[in-house]
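Trainee: Below is one structure. I have some questions about it.
The values are calculated or read from the model by the stated rules, or taken from the named source; none is laboratory data. These figures come from a predicted structure and were not determined experimentally. We place every Cβ from the backbone using ideal geometry, glycine too, and count neighbours over all the protein chains shown.
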Number of protein chains: 2
Amino acid sequence: MTKPGAFNILATDGQARAATLTTAHGTIRTPVFMPVGTVGCVRALSPDDLMNLHAQIILGNTYHLYLLPGDELIARRGRLHAFSGWDGPILTDSGGFQVFSLQALRKISEDGVEFRSHRDGSKHFFSPEKVVSIQHNLGSDIMMVLDECVPFGADKAYTAKSLELTTRWAERCRQAYPQGAGNQLLFGIVQGGFFPDLRTQSAAQISALPLDGFAIGGLSVGESKPLMLKIMRHTTPLLPPDKPRYLMGVGTPMDILDGIEAGIDMFDCVLPSRNARNGTLYTSLGKVNIKRAEYKEDDGPLDPACGCYTCSRFSRAYLRHLSTARELLAYRLNTIHNLHYFLELTRTAAHAIAKGTFQTFKAAVKKVHAHEHT
Amino acid sequence: MTKPGAFNILATDGQARAATLTTAHGTIRTPVFMPVGTVGCVRALSPDDLMNLHAQIILGNTYHLYLLPGDELIARRGRLHAFSGWDGPILTDSGGFQVFSLQALRKISEDGVEFRSHRDGSKHFFSPEKVVSIQHNLGSDIMMVLDECVPFGADKAYTAKSLELTTRWAERCRQAYPQGAGNQLLFGIVQGGFFPDLRTQSAAQISALPLDGFAIGGLSVGESKPLMLKIMRHTTPLLPPDKPRYLMGVGTPMDILDGIEAGIDMFDCVLPSRNARNGTLYTSLGKVNIKRAEYKEDDGPLDPACGCYTCSRFSRAYLRHLSTARELLAYRLNTIHNLHYFLELTRTAAHAIAKGTFQTFKAAVKKVHAHEHT
């Protein structure tokens, strides 16, 4: 059996790569999109829905699961896989992003970050060791190091100081769970804000650590799309080529193809699931707001080129009716479709890379989705 | 092929009967519980969920579908079966119950009832002919006549006058859709409030009409359980024995068994689905509030005797977590379980009747559910 952490590049096309990454719960093919399962389920979907979608790996949020129902309770249930009924690979974030984005009252020190629960205001403390311990309790296949996600607009002096802290925290995470300590992988996170030289510095420091994969953090935090792409394109080639690369929290279909083109392997984003719940649906013909009156009497499928459950079973008229009536079924059907779109996008990208036709594929998607910012 | 409307009693056990009723979309076995699909879907469930539950027939609400998305729009989509993707039998109510229970501003006349939409306050008028026309547009397998559902506490004089109106409206419904006019069945509704002699009078009038089945309306409107049972037990034997009998909007598991015992064949109630969304779940061990702290660390299935998807796949601890976190998945999983419970209850009752063991079965369920009022 292949060992967790094994990363095999099967094909390249320019900087884009098609690869496999082995985890304790199975081998995933990259490029891959990871649906976000905030509190132990992907909102509105069952684990069987995800299997039917051929989702390969899902993301769990350490911050949310730590607060509710608690990582120790989940550990006693046999960890997150047994608790949630999802038996495939799981990646957990470190909770850092939520602490830094949801919390105004956080206090950062060398040791870690103190914050208040968004639920009940109670005080909590995340150190590098603590978030590794939580993720160990959750039993995720891929753990993320604790990092400081600097806000958009932070100055260079602060960002430079912060990235050094992120590096020291990454070292402490690795020490808290040394390589080979178990079958959970640990990924590092490159920070450095919107300063290319600081990104270079952070990438050099983080890449030097014995980690199983490398992520780009701190993007999609309010900056313009060109700036996001500039930093992503600057940073990606600085990451070790023989390890998986993960662009955190990004993005639209075009962002994902831009990332793949630059050499990114893994993506997660709430966009498809959150938009689904608003009735905004991604299709081969462009984005559709299914609540619009023009779909009232439209008996065709949402996307004629889509093979998902929703498109093979229901009409635009019915989806429009359920979505405007805010029926619970709408959330599930729309989420199934949007996740199918994102999953199929990365699957098709992998095939295109293997065939050496990635640019043709990207150009075709761009024709439809070029002007979308969400 | 058996003709829609054919009703064959296969077995009796006391007054209880096991039978089959043929509709244009298939033959159903009775006693049967009909899940309520208010606006063209059973809340939180897909048609495939209902098929997996072996639901035989579902109910659609004429009032809600008329207002949203509109019966004419549904007719243009190929009627309710094509629109919603549910290909099994559908019964639609007449809208009368909603008009009389949701609307303070209704105005009743010989011709029909004027009311305002609960959505936008717009004025509408339901006549017997209009509700038949709406149900024809919806294409339901079983249509219900328009009736006046008198409020609990109405005096005898009013109730007596009202039941005569209900009879005249039933006649007009039948004239608007004569027997054999198409393959939709039409059921009558007995009213008469809480006055046994008025129930006798209404049953005699309605039973005399050439209708395909007979319902008891006007119960579960605020009266005590003994009074509901008294009127139900008084009225049921007055309905034609060779036609299906339907107890509208009732009730708890024990109410259903009491109804079956008296000779009722069909039931509908929002109780299992509405309670599911609140986390109140029916099990072989009694009613469970899954949000209670005692289930936090309970790794067992919700109901060890249940074979539903939810019970075979998830733990009480996980259901408690999803339900307290108000995750959308909780609504679906809990609804699946509760509907399975009600469907299995009527299926098992049918088997017990065939074996002549209905009283034993009822006594066993009573041990668990005797003291439940919701």
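Trainee: Kindly list the number of the only condition in (1) more than 25 Å from B:Asp49 (Cβ to Cβ); (2) away from every other protein chain (no Cβ under 12 Å) that fails for A:Gly307.
Mentor: With respect to (1) more than 25 Å from B:Asp49 (Cβ to Cβ); (2) away from every other protein chain (no Cβ under 12 Å), A:Gly307 is out only on (1).
Trainee: Something else: Given (1) closer than 26 Å to B:Ala349 by Cα; (2) buried (at least 24 other Cβ atoms within 10 Å of the Cβ); (3) within 11 Å of chain A (Cβ to nearest Cβ), where does B:Asp93 come up short, assuming only one miss?
Mentor: Answer for B:Asp93: the failing condition is (3).
Trainee: Residue check, A:Gln179 against (1) farther than 26 Å from A:Cys41 by Cβ; (2) buried (at least 24 other Cβ atoms within 10 Å of the Cβ); (3) at pLDDT below 95, all met but one. Which one?
Mentor: Among (1) farther than 26 Å from A:Cys41 by Cβ; (2) buried (at least 24 other Cβ atoms within 10 Å of the Cβ); (3) at pLDDT below 95, the lone unmet condition for A:Gln179 is (2).
Trainee: Tell me which of these A:Asp255 doesn't satisfy, since it passes every other one: (1) crowded, with 23+ Cβ neighbours inside 10 Å; (2) without any contact (Cβ under 8 Å) to a residue 60 or more places away in the chain; (3) part of a helix (DSSP H, G or I); (4) within 14 Å of another protein chain (Cβ to nearest Cβ).
Mentor: (4)
Trainee: I need the full set of residues from the stretch A:170-206 which are in contact with a helix residue (DSSP H, G or I) (Cβ under 7 Å, 6 or more places away or on another chain), of a type outside the set (A, V, I, L, M) and part of a strand (DSSP E or B), in order please.
Mentor: A:Gly188
Trainee: Related question: What's the total number of residues in the stretch B:322-337 that are crowded, with 24+ Cβ neighbours inside 10 Å, at the interface with chain A (Cβ under 8 Å from one of its Cβ atoms) and in contact (Cβ under 8 Å) with a residue 24 or more places away in the chain?
Mentor: Final tally of qualifying residues: 3.
Trainee: Let me ask you something else. Report yes if some residue within the stretch B:40-49 is within 14 Å of chain A (Cβ to nearest Cβ), more than 15 Å from the chain's Cα centre (by Cα), touching a residue at least 60 places away in the same chain (Cβ under 8 Å) and buried (at least 23 other Cβ atoms within 10 Å of the Cβ); otherwise report no.
Mentor: yes
Trainee: Another question, if that's okay. Scan the stretch A:147-155 and tell me whether some residue there is of a type outside the set (Phe, Trp, Tyr), closer than 14 Å to A:Tyr63 by Cβ and in the same structural domain as A:Phe195 (by TED's automatic domain parsing).
Mentor: Yes, that holds for at least one residue.
Trainee: Follow-up question, since we're still on this one. Let me spell it out: the conditions are (1) within 25 Å of B:Phe267 (Cβ to Cβ); (2) in contact with a His (Cβ under 6 Å, 6 or more places away or on another chain), and B:Pro69 meets all of them except one. Which number is the exception?
Mentor: Every listed condition holds for B:Pro69 apart from (1).
Matching residues to (1) in contact with a strand residue (DSSP E or B) (Cβ under 7 Å, 6 or more places away or on another chain); (2) part of a helix (DSSP H, G or I):
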residue	(1), (2)
A:Arg332	no, yes
A:Glu344	no, yes
A:Gln359	no, yes
A:Val368	yes, yes
A:His373	no, no
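Trainee: Here are A:Ala354, A:Ala363: which of them is more than 28 Å from A:Arg43 (Cα to Cα), surrounded by 14 or more Cβ atoms within 10 Å (Cβ to Cβ) and more than 14 Å from chain B (Cβ to nearest Cβ)?
Mentor: A:Ala354
Trainee: Do we find a residue being farther than 18 Å from A:Gly182 by Cβ and either hydroxyl-bearing (Ser, Thr, Tyr) or crowded, with 21+ Cβ neighbours inside 10 Å (or both) anywhere in the stretch A:129-138?
Mentor: No.
Trainee: Sticking with this structure for a sec: Contact list please: Cβ distance under 8 Å, first residue in the stretch B:140-156 and touching a residue at least 60 places away in the same chain (Cβ under 8 Å), second residue acidic (Asp, Glu), pairs at least six apart or on different chains.
Mentor: B:Ile142/B:Asp212; B:Met144/B:Asp93; B:Phe152/B:Glu223
Trainee: I would also like to ask the following. Got at least one residue in the stretch A:159-179 being more than 18 Å from A:Phe100 (Cα to Cα) and polar (S, T, N, Q)?
Mentor: Checked against the condition, which is being more than 18 Å from A:Phe100 (Cα to Cα) and polar (S, T, N, Q), the stretch A:159-179 yields at least one hit.
Trainee: Give B:Thr2, B:Thr27, B:Thr12 a once-over and let me know the one that is touching a helix residue (DSSP H, G or I) at 6+ places or on another chain (Cβ under 9 Å) and either under 20 Å from B:Cys269 (Cα atoms) or surrounded by fewer than 23 Cβ atoms within 10 Å (Cβ to Cβ) (or both).
Mentor: B:Thr12
Trainee: Does A:Lys291 qualify as being assigned to a loop (DSSP other than H, G, I, E, B) and either among the basic types (Lys, Arg) or assigned by TED's automatic domain parsing to the domain that holds A:Leu45 (or both)?
Mentor: yes
Trainee: Further question on the same structure: So is B:Asp299 within 14 Å of chain A (Cβ to nearest Cβ), in a loop (DSSP other than H, G, I, E, B) and free of Cβ contacts under 8 Å to residues at least 60 places away in the same chain or not?
Mentor: Yes: the conditions hold for B:Asp299.
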